[in-house]
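Single-structure report; data block below.
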Amino acid sequence: MKKRHLSFSWQLFLMVATLFLAFATCFIFFQYSREKEYKIDLLNTRLQDFNNEMYLFVRDARQNTGHSPSSKELTRYTNEYISTHGLNNLRVTLISGNGTVLYDNFDANVHSMQNHLNRTEVQLALKYGSGYAINRTSHTLASNFFYSATCFKADNMFIRSALPYDVSLSKALHVDSLFIYFAIIISLLLYLLFFKYTQRMGQYITQLRHFVQKADKDEPFEPEEITTFPDNELGEISQHIVQIYKNLKTTKEELTLEREKLITHLGLSHEGLCIYDHNYKRILSNPLFAQYSNLIADNPVSTDEATLQLPEMQPVTRFLRETDNTTDHTERKFCTEIEKNGKIFAVECVTFHDGSFELSITDITQTEEQARLKRQITQNIAHELKTPVSSIQGYLETINNSDNMNEDTRQQFLSRCYAQSNRLANLLRDITVLTRMDEASQMIDNTEEVDLTLIMQNIQRETALQLEEKKMRMNNLLRNGLTVKGNSSLIYSIFRNLTDNAIAYAGEGSTITIRCYREEDNLLYFSFADNGVGVGTEHLSRLFERFYRVDKGRSRKMGGTGLGLAIVKNAVLFHGGNISAKNVQDGGLEIMFTLHR
């Protein structure tokens, strides 16, 4: 269970309240003591005044009569002073310098009294000239008095006056509690005001905490939540925090937009790009990087981290290790070339100051291939069209010039003309499809959700007789429900042309395997492979060229137009994918391509 802590406002209130309580207690105690001391000093002053007047009376009597006044005279003077100054029950005692009691108006038998030199007030008077004792018990009268004694060293005597410490005197010396009540009331009011202030401060802090919590979770907040801060230092700090949050949010949105731009750029780039962190973990990559990695690898690469483990990437990993061991953390670049499966790839690695690095793979044969294709396409079309046209022309010329040709021969020539015309029609149809995809792809806009599993099942049924004739087997490993958004007829043409091509050239008894070996959020990776005769390495880079044939005589004999794989490539490109071919290590040909979902 999480321990619940007091809020900051309560902590502040309790801390200040405790300090103020301690201060108020000390102040009240100090005032109480000071007031009580003041009243005691006031009473002591009155008694000291009497002692001084009594001393003057005794001194004057001695000077006038030549002897000390009698007890009767002392009593008379005391009574006159009491009646004049409103003092009741005033006790007066004259004590000699050695402590002997000379006179006491409360006890005439002074000879029986004890020596008074050890009395508290007498000791203080002896030491300081005057002294008092509060509520001290008289040993003679067995009652309590307030004593005030004065030492007259010139005459070697003490004069002590005292008042009975009864209820009236106790009340007179008691401190008036009105100021205590006043102090308590003021303290309570201050407590209340400070409590209101700390509660208000606590509300602002709670509001700021809620704002920070929402900002941390990236939750939306109302405008009034950031405009009700106080007009003081706390409000200024809060507004600064809000402004910093707004700036960070704006920066985050800008970075997100830039990241989306980067991802879009990577997706459209003609280079395979992948960015790794300092631990060789993938941060960001584009689909072409995985495609090129699989072309370089002998077996399909399932992760971008595995690309660095390929034997062909050893120069790159050696460069990275050397960079890790150096103290120079500036950007460094390394370039190399890899030739594999009829293609030449330029590999470039750039390291950054934080240890991360970028790896790019570029197919440098593509530009040359496209240029060569453009130079040859006109010649190829003319050549491919010339063959069926020449055949038809030759058969018709023979029929036209042979008046005595028998009917069977005539029909045979006409059948051959019809076959060549069909071949010419198929050729023109395929050229038209390629032209539409090259020059007017925007016209093919009827995209839909295409079930790839269902398409392959239909193709498998349609080609079942051909597969049986060649004793071939089709291994469809596509999972149920695998779909892609695109043009249904073009998607069908991809898988149908690849199937027809495998049936035509893989060889009897071979197996065709179709699988999706990697699925991402918006991209599918396919492998269309057979274990047949395969093709020469020198042909791999040209398989998708228009009219290119590995075995020209065999291809024409089997009725192919030479455009099937070119149509496949253009259909794949139309759907935002890439396609390539490589020989299988154990024999056969593997076509690898991607399709955007």
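For this structure, a couple of remarks:
- Residue match in the range 144-151 (condition: outside any strand (DSSP E or B) and either modelled with pLDDT of 90 or more or not aliphatic (A, V, I, L, M) (or both)): no
- Flag if Gln460 is surrounded by 11 or more Cβ atoms within 10 Å (Cβ to Cβ), at pLDDT below 90, of a type outside the set (Lys, Arg) and under 20 Å from Gly532 (Cβ atoms): no
Results for (1) over 30 Å from Gln63 (Cβ atoms); (2) in contact with a strand residue (DSSP E or B) (Cβ under 8 Å, 6 or more places away or on another chain), shown as yes or no for each residue.
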position: Thr100; (1), (2): no, no
position: Asp104; (1), (2): no, yes
position: Met113; (1), (2): no, yes
position: Leu124; (1), (2): no, yes
position: Ser138; (1), (2): yes, yes
position: Ala183; (1), (2): yes, no
position: Phe194; (1), (2): yes, no
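- Verdict on Ser83 being over 30 Å from Cys151 (Cβ atoms) and at pLDDT below 80: no
- Restricting Phe29, Phe50, Phe23 to residues that are surrounded by 12 or more Cβ atoms within 10 Å (Cβ to Cβ) and either on the phi > 0 side of the Ramachandran plot or out of contact with any Lys or Arg (no Cβ under 8 Å at 6 or more places or on another chain) (or both) narrows the list to Phe50.
- If the condition is being assigned to a strand (DSSP E or B), within 35 Å of the chain's Cα centre (by Cα) and not hydroxyl-bearing (Ser, Thr, Tyr), then the range 506-531 contributes Arg518, Glu519, Leu523, Leu524.
- Applying a threshold of 6 Å to beta carbon distances and a minimum spacing of six or more residues, or different chains, the list of pairs starting in the range 200-227 at a residue that is under 16 Å from Trp10 (Cβ atoms) and ending at one that is at pLDDT below 70 and outside any helix (DSSP H, G or I) reads Gly202/Ser7; Tyr204/Pro230.
- Qualifying positions in the range 152-173 - in a strand (DSSP E or B) and surrounded by fewer than 23 Cβ atoms within 10 Å (Cβ to Cβ): Phe152, Met157, Leu163, Pro164
- Test: Asn88 is touching a strand residue (DSSP E or B) at 6+ places or on another chain (Cβ under 9 Å), within 30 Å of Leu178 (Cα to Cα), modelled with pLDDT under 85 and not acidic (Asp, Glu): yes
- Scanning the range 254-290 for residues that are surrounded by 14 or more Cβ atoms within 10 Å (Cβ to Cβ), outside any helix (DSSP H, G or I), out of contact with any Asp or Glu (no Cβ under 6 Å at 6 or more places or on another chain) and modelled with pLDDT of 80 or more yields Glu271, Gly272, Leu273, Tyr276, Tyr280, Leu284, Asn286.
- Boolean, Asn89 is part of a loop (DSSP other than H, G, I, E, B) and touching a residue at least 60 places away in the same chain (Cβ under 8 Å): yes
- Picking from residues in the range 325-352 that are β-branched (Val, Ile, Thr) and out of contact with any Lys or Arg (no Cβ under 8 Å at 6 or more places or on another chain), the one that is surrounded by the fewest Cβ atoms within 10 Å (Cβ to Cβ) is Thr327.
- Conditions (1) among the acidic types (Asp, Glu); (2) surrounded by fewer than 14 Cβ atoms within 10 Å (Cβ to Cβ); (3) modelled with pLDDT of 70 or more: number failed by Asp451: (2)
- Looking across the range 564-592, the residues that are among the charged types (D, E, K, R) and closer than 16 Å to Tyr517 by Cβ come down to Lys582, Glu590.
- Meets criteria (free of Cβ contacts under 8 Å to residues at least 60 places away in the same chain, aliphatic (A, V, I, L, M), part of a strand (DSSP E or B) and surrounded by 16 or more Cβ atoms within 10 Å (Cβ to Cβ)) for Ala133: yes
- Glu73 within 14 Å of Ser148 (Cβ to Cβ), charged (D, E, K, R), out of contact with any Asp or Glu (no Cβ under 8 Å at 6 or more places or on another chain) and part of a helix (DSSP H, G or I): no
- Among the residues of the range 357-378, not a single one is at pLDDT below 65, within 30 Å of Ile579 (Cβ to Cβ), buried (at least 18 other Cβ atoms within 10 Å of the Cβ) and not acidic (Asp, Glu).
The values are calculated or read from the model by the stated rules, or taken from the named source; none is laboratory data. Since this is a predicted model, take the numbers as computed values, not measurements. Neighbour counts run over all protein chains shown; Cβ positions are idealised from the backbone, glycine included.
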